[in-house]
1. Within segment 452-465, track down each residue that is within 16 Å of PHE427 (Cα to Cα) and in a strand (DSSP E or B).
2. Which of the residues belonging to segment 594-639 are of a type in the set (Asp, Glu) and at pLDDT below 85?
3. Quickly run through segment 686-702 and pick out the residues that are under 13 Å from PHE715 (Cβ atoms) and either of a type outside the set (S, T, N, Q) or without any contact (Cβ under 8 Å) to a residue 24 or more places away in the chain (or both).
4. Across segment 97-115, what is the number of residues that are surrounded by fewer than 21 Cβ atoms within 10 Å (Cβ to Cβ) and in contact with a Lys or Arg (Cβ under 9 Å, 6 or more places away or on another chain)?
5. Can you name the condition, by its number, that GLY439 falls short on among (1) modelled with pLDDT of 85 or more; (2) open to solvent by less than 20 Å² (accessible area, probe 1.4 Å); (3) not aliphatic (A, V, I, L, M)?
6. Of a type in the set (D, E, K, R), modelled with pLDDT of 80 or more, under 16 Å from LEU634 (Cα atoms) and open to solvent by 30 Å² or more (accessible area, probe 1.4 Å): which single residue out of ARG544, ARG557, ARG524 fits that description?
7. In this structure, does LYS52 turn out to be more than 20 Å from VAL110 (Cβ to Cβ), open to solvent by 50 Å² or more (accessible area, probe 1.4 Å) and at pLDDT 50 or above?
Amino acid sequence: MEPARPRPAALANVVDLAEARDRAASRAAPVAEPGKQAQFEGLVAVLGGYLKPADIERVAQAFAFSEAAHQGQMRASGEEYITHPLAVAAICASWKLDAQAILAALLHDVVEDTGVTKEHVAQRFGAPVAELVDGVSKLDRIEFQSQEDAQAENFRKMLLAMARDVRVMLVKLADRLHNMRTLSALKSPKRRRIARETLEIHAPIAHRLGLNQVYRELQDLSLANLYPHRFAVISKAVRSARGNRREGIGKILETIQRALPEAGINAQVYGREKHLYGIYRKMVEKRLTFSQVLDIYGFRVVVPDVASCYLALGALHSLYKPVPGKFKDYIAIPKVNGYQSLHTTLIGPYGTPVEMQIRTAEMHRIAEAGVAAHWLYKSDDASISEVQKKTHKWLQSLLDIQSNSRDPAEFLEHVKVDLFPDEVYVFTPKGRIMALPRGATAVDFAYMVHTDVGDQTVAAKINGEPMPLRTELKNGDLVEIITSPGSQPNPGWLGFVRTGKARAHIRHYMKTVKYEESVGLGQRLLGQALRSLGVAAGEIDSQRWERVVRDAGAKSRQDLYADIGLGKRLAAVVARKLAPAQPAESVVGDGRAEARNVPVTIRGADGMAVQLARCCRPIPGDPIIGHISKGQGLVIHTHDCKTIAKSRRKEPDNWVDVDWDPEPDKHFNVGIRALVTNGRGILAKVAAEITAADTNITNVHTEDDETGNYAIMEFAIDVADRAHLARVMRSLRRLQEVVRINRVK
């Protein structure tokens, strides 16, 4: 057999890194952990490099405590359970986390999976460690309506614990990383569920915290468990391509290593291979075959200082032609997770695009360790403190979103939006740079500046020009928000805002306003129901009120009113419980029978608790009736609305008498249809007549009939009441061209 030839030195680091990538990816296959004693000794060896002996003694105590608590428990792979906490602690130790975090890693499952309590952990190892363990623990003992609810509540608790102490998430990510490395012991459906959850939540959080190595490995392991066949095919293709492209990569590497010192730049150059999930995602998003994904390999150039980054960029551009539009300066404008680097794509000697990343050593350690760099390097350098500031700002935004999103699923939805921030960088009028997710609008920008600015937004200028609030922002836009003290959030904004903060604040406003309106409506509906029983609300004693509120499961009388206004409870049922038992004749003969059927008054601008039905579009003057619709409040229909006939027979208790206020405080939208003779200028003539009747046209639609001699025109117009509509229709009938006109319902 021919002896193996030594690899060229220039290729060594490229191939070594590529093979290391293969070994990391292969962790999706079963991994045999070393024995628990060997694991512990390895952990102590790493900790000895940066912890005090007293701290290592506490770690030994935590290991003994965790081993005893998990005694007899086994993992799905058949290994003793203690091997898992030891592996999690080892990952945390590789990030040089402090002693409390290492203790929490060893104890992270004792509260969840054994009889040990949080208080017991606090007594033995201190309150800070107990809080970390509690933050990592799941909520399996609480009953939820569904698996989705459990997952949402679990992440809500975990993220809020992280907002108080980011070490919670670092331990949790180490826990998930080890579980993903050993996932093959589980059955396929569970593997896929955990892998999808990791891809949707844990990997983006790792990226958001700047833990790029963890981020890439979690993505690759998720791909291996979600789509094992695709993963195997891409892995094989990468290995083949590695050999095919070795000569070209080696030539580029040698050229760079020779050219940079000649330009007076002291640099270290590393080969870099795109991770498998990145290749897969590019193939899916751009619909490419593997052979069309050319930038599988790249290079990382590490230089002493920032000035050398730009000098190296110039030297590389003089060697190979840069690809237009592929240069990004993340040094001048860092990513939201603190990442800094220069990115450029060059055309190599064989026409293959090669990506270059140029950064300083400090930028490199932050790019790999992210927020963990705070523990990894005890340094006061400005770049690390900036990462900490940005992380703290994001964590504070989680608390802000939580305060406006009590529903766990809604909270998770808001946070997911912020975990995929393909960033856009825009400027305030004072020149401050702000990072927003791609697709963010002027309203998102307003809420990012300040909650009060977002709530009071009325208009926006982008690059000096007035633009709609729904306009998507682009890199480099200068955004100015115009506010008004009396302005309030518009529910319609939910249709286009992109950030979790904006969405949470708008929804919070809607819920608050709707609650207040529902309380008022519920009070009116209950008053009407009581009057129908011949009872005045003021006659009911407080003890009866308290009993009815308690029996209904409401927290207060206000909540009971709100439930009635939202249609969750029927006013008639509550009224019967509140009304004191009386002989029938006393109710009839006490002079109050005339007040029994006093209708609820509708003003027209009653807010979100009262809605006008779209099917019949009632306006003042129409005979109307109200339907209590669960979750929507009171929906107003005309008496002759065809869509409600069946419901009125089947659910009589859900219908209440309503009447218009004598002085409505708004205009109402109504539809009219006109058949006119076809001719030039007829649309303008009809529209002018409508406008002359002091009416605003909100929409118009026209079409020719089958003969072409006539046209059908449909207008949506705003009128004050039925009399106003009649005046508009009379004025239109005076036109010779109008053959027929009627109201559209």
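The values are calculated or read from the model by the stated rules, or taken from the named source; none is laboratory data. Computed from a prediction, not measured in an experiment: that's the story for all the values here. Here the Cβ positions follow ideal geometry from the backbone for every residue, glycine too, while neighbour counts run over all protein chains shown. In case anyone asks, the SASA skips ligands and DNA or RNA and just uses the protein heavy atoms, side chains included. Shrake-Rupley method; radii C 1.70, N 1.55, O 1.52, S 1.80 Å.
1. Those that are within 16 Å of PHE427 (Cα to Cα) and in a strand (DSSP E or B): ALA460, LYS461, ILE462, GLU465.
2. Quick first cut of segment 594-639, residues of a type in the set (Asp, Glu) only: 594, 606, 622.
Result: GLU594, ASP606.
3. Step one: filter segment 686-702 for residues under 13 Å from PHE715 (Cβ atoms), giving 686-691, 693, 695-702.
If the condition is that a residue be under 13 Å from PHE715 (Cβ atoms) and either of a type outside the set (S, T, N, Q) or without any contact (Cβ under 8 Å) to a residue 24 or more places away in the chain (or both), then VAL686, ALA687, ALA688, GLU689, ILE690, THR691, ALA693, ILE697, ASN699, VAL700, HIS701, THR702 are the ones that fit.
4. Just the residues of segment 97-115 that are surrounded by fewer than 21 Cβ atoms within 10 Å (Cβ to Cβ), to begin with: 98-100, 112-115.
Filter once more, keeping what is in contact with a Lys or Arg (Cβ under 9 Å, 6 or more places away or on another chain): 98-100, 112.
Counting residues in segment 97-115 that are surrounded by fewer than 21 Cβ atoms within 10 Å (Cβ to Cβ) and in contact with a Lys or Arg (Cβ under 9 Å, 6 or more places away or on another chain) gives 4.
5. (1)
6. Answer to the check: ARG524.
7. Numbers: more than 20 Å from VAL110 (Cβ to Cβ): yes; open to solvent by 50 Å² or more (accessible area, probe 1.4 Å): yes; at pLDDT 50 or above: yes.
It is true that LYS52 is more than 20 Å from VAL110 (Cβ to Cβ), open to solvent by 50 Å² or more (accessible area, probe 1.4 Å) and at pLDDT 50 or above.
Each row is one residue, and each column tells you yes or no for (1) touching a residue at least 24 places away in the same chain (Cβ under 8 Å); (2) more than 18 Å from ALA105 (Cβ to Cβ); (3) part of a helix (DSSP H, G or I).
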site	(1), (2), (3)
LEU170	yes, no, yes
ARG176	yes, no, yes
SER184	yes, yes, yes
PRO189	no, yes, yes
ARG193	no, yes, yes
LEU199	yes, yes, yes
HIS202	yes, no, yes
GLY210	yes, yes, no
ASP220	yes, yes, yes
